[in-house]
Amino acid sequence: MQIPFSPPYIDDDVIAEVTDSLRSGWITTGPKVLQLEYEIAAYCQVEKALAVNSATSAMMLVLHWFGVTRGDEVIVPAYTYCATALAVMHIGATPVMVDIGPDFNIDPEKIRQAITPKTKAVISVDVGGWPCDYDAIKDVIRQSKQKFAPRTEVQKKLGHMLLLADAAHSFGAVYNNTVTGTLANITVFSFHAVKNVTTAEGGVICLCMPAPFDNYELYKTLRLWSLNGQTKDALTKSKAGGWRYDIVYPGFKMNMPDVLAAIGLAQVRKYDTLLLKERRRVFNTYTAAFSTHPWAITPIFEKQGCSSSCHLYPLRINNITEEQRDEIIELITAQGVAVNVHFIPMPLLTVFKNAGYNITDYPKTYLMYSGEISLPVYPQLTGSQCKLVAHTVIEAVNKVI
């Protein structure tokens with residue numbers, strides 16, 4: 001039996017929604033994008049949400065709006081996908097990597113130690129769908145306000161470092177009884193093909209800026225900037241007599257098309273009742289299967305007031321080397337079960353090594369990575385398939401150790 005790692009969830013409702021978009025004659029940014037934004041904002045309990053073409057673009061757009069530029073620093077975890085740091089680099093700033101804690105997430109104390117007058121933002125990452133300790137991170141930012149050196153009017157208006165949540169994995173996660181989307185000043189979700197909710201490619205920006213910011217006006221600004229700074233979107237221009245427009249800002253091309261938003265719309269509407277529920281079932285099956293094995297460090301996915309989106313199941317094998325982990329993976333995949341590793345730490349990747357980052361500066365990151373194996377998690381996995389995955393992993397681990 002072949003078990004893929006993370007196929008997208010495509011059912012008749014998704015196909016019908018996409019078909020409706022195709023038959024409408026309008027497939028780029030239009031009514032389905034607006035509807036997706038509305039439903040995401042309602043789900044996350046925020047005033048406004050903006051759909052764009054990727055989470056990477058979303059982070060770039062937000063940082064650019066906040067005035068982050070050359071000479072500035074943005075604190076990021078060393079343990080994340082490269083896009084978190086690349087978004088910072090793309091706008092000319094420097095990512096300052098810090099180590100993580102035992103939950104795979106950024107260590108608030110390491111944030112505190114890394115803050116300088118150049119620090120303009122902190123990007124938290126909810127690895128695997130488990131939310132960061134946002135209260136602790138906010139405390140660090142609040143207690144470090146005296147180090148904040150604002151340059152722009154927007155920065156002065158906020159009065160402290162921007163907390164930008166890279167919640168690419170954590171749509172639907174809960175922290176202290178609050179759903180992700182409102183836990184940071186601004187939250188970015190990814191709707192890439194492997195995510196809990198997908199639009200094939202795409203991202204969404206949830207706006208939760210405090211007063212005196214107006215999140216409705218901020219939405220309008222970011223939407224304008226995501227469309228090349230053009231005063232009319234394509235749908236408005238297509239109306240009779242609506243051809244004339246202006247370019248009022250040197251913006252970007254970051255919009256999401258309707259035909260992709262349609263996929264996400266159908267999935268969001270059954271997210272809690274089906275997609276997230278089934279992912280939790282898979283998590284519970286794995287955790288039960290590994291509970292009697294002393295070498296298994298299973299991921300936390302719920303505690304009082306907090307729950308994971310169950311995007312990844314990052315199983316850790318205790319007291320093994322990276323080489324042993326790789327050997328275990330080879331044995332698992334030989335049996336037709338696809339697994340993965342999340343993530344290769346950024347300091348191990350060539351572009352960051354060449355920029356001077358060294359994995360020895362992030363010992364916890366390397367420790368967590370070297371023994372980690374991500375198991376398949378998606379609603380389509382049957383109970384028998386989950387048990388087969390667990391059995392295959394157990395056999396492979398026992399053979400190696």
If we scan the range 223-230, do we find a residue that is open to solvent by 40 Å² or more (accessible area, probe 1.4 Å), part of a helix (DSSP H, G or I) and among the charged types (D, E, K, R)?
-> yes
When only residues in the range 237-281 that are among the hydroxyl-bearing types (Ser, Thr, Tyr) and closer than 23 Å to TRP26 by Cα count, which is least open to solvent (accessible area, probe 1.4 Å)?
-> SER238
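Of the residues ASN228, ASN196, only one is in contact with a helix residue (DSSP H, G or I) (Cβ under 9 Å, 6 or more places away or on another chain) and either more than 16 Å from ALA168 (Cα to Cα) or not hydroxyl-bearing (Ser, Thr, Tyr) (or both); which? Can you show your working first?
Working: ASN228 fails: in contact with a helix residue (DSSP H, G or I) (Cβ under 9 Å, 6 or more places away or on another chain).
When all the criteria are applied, what remains is ASN196.
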Only one of (1) more than 16 Å from MET59 (Cα to Cα); (2) touching an Asp or Glu at 6+ places or on another chain (Cβ under 9 Å) fails for LEU227. Which number is that?
-> (1)
Given the conditions (1) touching a helix residue (DSSP H, G or I) at 6+ places or on another chain (Cβ under 7 Å); (2) open to solvent by 30 Å² or more (accessible area, probe 1.4 Å); (3) more than 30 Å from ILE15 (Cβ to Cβ), which single one is not true for THR178?
-> (1)
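Going through the range 106-131 one residue at a time, which ones are assigned to a strand (DSSP E or B) and within 19 Å of PRO345 (Cα to Cα)?
At the first step, the residues of the range 106-131 found to be assigned to a strand (DSSP E or B) are 106, 119-125.
Within the range 106-131, ILE106, VAL122, ILE123, SER124, VAL125 qualify.
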For residues that are in contact with a strand residue (DSSP E or B) (Cβ under 6 Å, 6 or more places away or on another chain) and assigned to a loop (DSSP other than H, G, I, E, B), tally how many sit in the range 234-272.
-> 3
Would you mind finding the one in GLU201, GLU217 that is in contact with a His (Cβ under 7 Å, 6 or more places away or on another chain), of a type in the set (D, E, K, R) and either open to solvent by 40 Å² or more (accessible area, probe 1.4 Å) or part of a helix (DSSP H, G or I) (or both)?
-> GLU201
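The values are calculated or read from the model by the stated rules, or taken from the named source; none is laboratory data. Because the structure is predicted, anything quoted here is derived from the model rather than measured. Every residue, glycine among them, receives a Cβ derived from its backbone with ideal geometry; neighbour counts consider all protein chains shown. Please note that ligands, DNA and RNA were not included when accessible areas were found on the heavy atoms of the full protein model with its side chains. Shrake-Rupley method; radii C 1.70, N 1.55, O 1.52, S 1.80 Å.
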